[in-house]
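Below you'll find the structure, written out as structure tokens, and then a few comments.
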Amino acid sequence: MPGNPLEIQESLKNQVGAAREKQGRKACSTFLIVDAQSVKNSDTAGQKGYDAGKKVSGIKRHIAVDTQGFPHAVAVTTAEVTDRQGALEALKRCRSGLGRVKRLLCDSGYTGDPFAEGVQDILGKHVTVQIAKRSELHTFKVMPKRWSVERSFAWLEKNRRLWKNCERRLNTSLQFIHLAFLALLLRRS
């Protein structure tokens, strides 16, 4: 059983690759969907920030998933970190397993040339960033392919320990996210 945080991350990467190969796909995806989720802190949590857009005091989970909802890049930051900065941090952390990525799909929180240039600096000049735009303001509509990242966040929310952030350190929250996805993938295999 892995105990080192890098071993846990490597185990997750291997399980994601195995799950994709079981479906007849290559271990690393060429298309990723990026999003962030703000999570409230409990009283015992150590590090926190304030996300003014969502009015949440706590942390942010940044995740890049394939169309199956399997995580390829994950990062945890304080809530005041922008979606763009957090996504770049997640991609940097997991850069070694993202060599085949050609396209990233993001929501409107990731607009701007600095983000696209940052992605290209990390993953290569061949990567394109596509922004999924909503057609009408303030109406709910399922956006094609974007729902898979929301489903991944819903999978995380099924873990009692991840409903709120109770951890004193961001790295501990990150490891619990890795363990939650590992448990999900192991149940499926």
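At-a-glance table
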| quantity | calculated |
| --- | --- |
| Failed condition for Lys40, given (1) crowded, with 18+ Cβ neighbours inside 10 Å; (2) modelled with pLDDT under 95; (3) in a strand (DSSP E or B) | (1) |
| Among the candidates Lys133, Lys125, Lys164, Lys158, residue that is closer than 20 Å to Lys54 by Cα and exposed (fewer than 13 other Cβ atoms within 10 Å of the Cβ) | Lys133 |
| Residue match in segment 75-87 (condition: closer than 20 Å to Ala27 by Cα and either of a type in the set (A, V, I, L, M, F, W, C) or out of contact with any His (no Cβ under 6 Å at 6 or more places or on another chain) (or both)) | no |
| Condition check for Val74: modelled with pLDDT of 95 or more and in a loop (DSSP other than H, G, I, E, B) | no |
| Any chance Ile33 is surrounded by 19 or more Cβ atoms within 10 Å (Cβ to Cβ), touching a residue at least 12 places away in the same chain (Cβ under 8 Å), in contact with a Lys or Arg (Cβ under 8 Å, 6 or more places away or on another chain) and of a type in the set (A, V, I, L, M, F, W, C) | yes |
| Selected residue (criterion: modelled with the highest pLDDT) from residues of segment 95-119 that are within 16 Å of Val74 (Cβ to Cβ) and surrounded by fewer than 18 Cβ atoms within 10 Å (Cβ to Cβ) | Arg95 |
| Evaluation of Ala79 against (1) touching a helix residue (DSSP H, G or I) at 6+ places or on another chain (Cβ under 6 Å); (2) closer than 19 Å to Trp163 by Cβ (one fails), failing number | (1) |
| Residues satisfying the stated conditions in segment 43-71, i.e. surrounded by 15 or more Cβ atoms within 10 Å (Cβ to Cβ) and aromatic (Phe, Trp, Tyr) | Phe70 |
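The values are calculated or read from the model by the stated rules, or taken from the named source; none is laboratory data. Being a predicted model, the structure only gives us computed values, none of them experimental. Please note: Cβ atoms are built from the backbone with ideal geometry, for glycine as well, and neighbour counts cover all protein chains shown.
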